[in-house]
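Coordinate-derived values only; no laboratory data. As the structure is a prediction and not an experimental result, all values here were calculated from the model. Here the Cβ positions follow ideal geometry from the backbone for every residue, glycine too, while neighbour counts run over all protein chains shown.
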Amino acid sequence: MKLIDNTLKGVERYIEDKLNELFSSSEIVTLANTLFTEQLNISKQQRLLDPTHKVTEGDLLLIIRSVNRLLEQEPIDYIVGNTEFYGLRFKVGREVLIPRPETEELCEWIISEENKAGLKVVDIGSGSGCIAITLATHLINAKVYACDVSAAALSLCTENAVLNSATIDSKCFDVLKQFPFEEKLDIIVSNPPYVLKSDKSEMEKNVLDYEPHLALFVEDNDPLLFYRKIAEQAKLHLNPNGRLYFEIHERYSIDIQSLLSKMGFSNIEVRKDAQDKDRMVRAVSV
């Protein structure tokens, strides 16, 4: 550690030197900014104005450990313990998926369409709570339920609701086995597991080694399992003209449309994400 220049400029140079074989220059800049801001509470402006400012030994050790974790391809969001989603702050840990931009687009679709007050909304597979909390924050007086099979995920979801001053109810259950709602609902939304287990060999280490497999993978012989089970419950529990929203894998866009059509849903619409991939679907109950 004595060989490391513990000035802000020196620490920045250390981060760049250690990460340059694994990450691009632009990625390193982003990672460095995140480490300084989130772990040392030092802004980019402070680093520019006072590059010779020395960090403490404890802070230097923290940066060294974090850089070593990055070299193991652990996601930066897990290292710093939080991420931003739809302008809100969310705690994240290895018990939940890191929220993705396409999930923000799903939330944007729902928020832009659902402007009626007092809607009853159920989010299946809430994880960090990014969907449930975002909808609770932006829909007018909505009653939002965050649901997950993982008690650890729901605990973090509850923390995030408090962090964002959002009111949600949480329910822990396995949607493949039960659906503990007696009331009629206006919206059911889910970003369920949809990655085939056989696709593991093609996945990046930062996802495969760190993010929860329970929230990612589905058996190869039934890739639409969660979509089918959730849609079955939607048929029973949605009000007439209630809406079912899914995040989907582009590979199954046509299959999911066919499934929902055969189940009697109407006005089925697929939307593309910013990468021009079919990643979202909405269906209306009759």
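Remarks
- Segment 82-284, relative contact order in percent, only Cα pairs under 8 angstrom and at least six apart counted: 18
- Label of the coordinate-derived value, Cα extents along the principal axes in Å, listed as (1) 68, 41, 33; (2) 74, 37, 30; (3) 72, 69, 31: (1)
- Segment 52-175: radius of gyration over Cα atoms, expressed as a fraction of 2.2 N^0.38 Å: 1.23
- Positive-pole candidate from 149, 97, 167, dipole of segment 82-284, charges at beta carbon: 167
- Rounded to the nearest 10 degrees, the inclination of helix 101-113 to the longest alpha-carbon principal axis of the chain is 40 degrees.
- Inverse mean reciprocal Cα-Cα distance (Kirkwood Rh) of segment 8-72, Å: 11.8
- Sum of -39500 (n - 2.57) over DSSP H runs of 4+, divided by residues of the chain (222 nm, nearest 500): -12000 deg cm²/dmol
- To the nearest ten degrees, helix 253-262 and the longest principal axis of the Cα atoms of the chain are 30 degrees apart.
- Based on C-alpha pairs under 8 angstrom that are at least 6 apart in sequence, segment 8-72 has a relative contact order of 45 percent.
- Backbone amide hydrogens, once placed in the peptide plane, bring residue 92 within less than 5 Å of 82, 83, excluding anything fewer than 5 places away on its chain.
- Across segment 132-142, coupling constants 3J(HN,Hα) worked out from phi with the 6.51/-1.76/1.60 Karplus curve, θ = phi - 60°, read 4, 6, 4, 5, 4, 6, 10, 7, 6, 6, 6 Hz, and Gly and Pro carry x.
- Per-residue HN-Hα couplings for segment 167-183 [Karplus 6.51, -1.76, 1.60; θ = phi - 60°; Hz; x = Gly/Pro]: 9, 9, 10, 10, 9, 9, 6, 9, 5, 6, 10, 7, 8, x, 10, 9, 6
- Acute angle (nearest 10 degrees) that the helix 25-40 long axis makes with the longest principal axis of the chain, alpha-carbon atoms: 90
- Residue pairs, from the table 116/262; 91/205; 44/200; 171/197; 120/205; 44/272, whose Cα atoms sit over 32 Å apart: 44/200; 120/205; 44/272
- Hydrodynamic radius of segment 107-235 per Kirkwood, over alpha carbon pairs, in Å: 15.5
- Highest-first arrangement of 165-176, 132-143, 236-247, where packing means the average Cβ count within 10 Å: 132-143, 236-247, 165-176
- Here the relative contact order of segment 196-268, from alpha carbon pairs under 8 Å that lie six or more residues apart, stands at 27 percent.
- Placing +1 on the Cβ of every Lys and Arg and -1 on the Cβ of every Asp and Glu, with no other charges, gives the chain a dipole of roughly 480 debye about its Cα centre.
- For residue 270, neighbours were defined as the other residues whose beta-carbon sits under 15 Å from its Cβ, and their charges (Lys and Arg +1, Asp and Glu -1) total -3.
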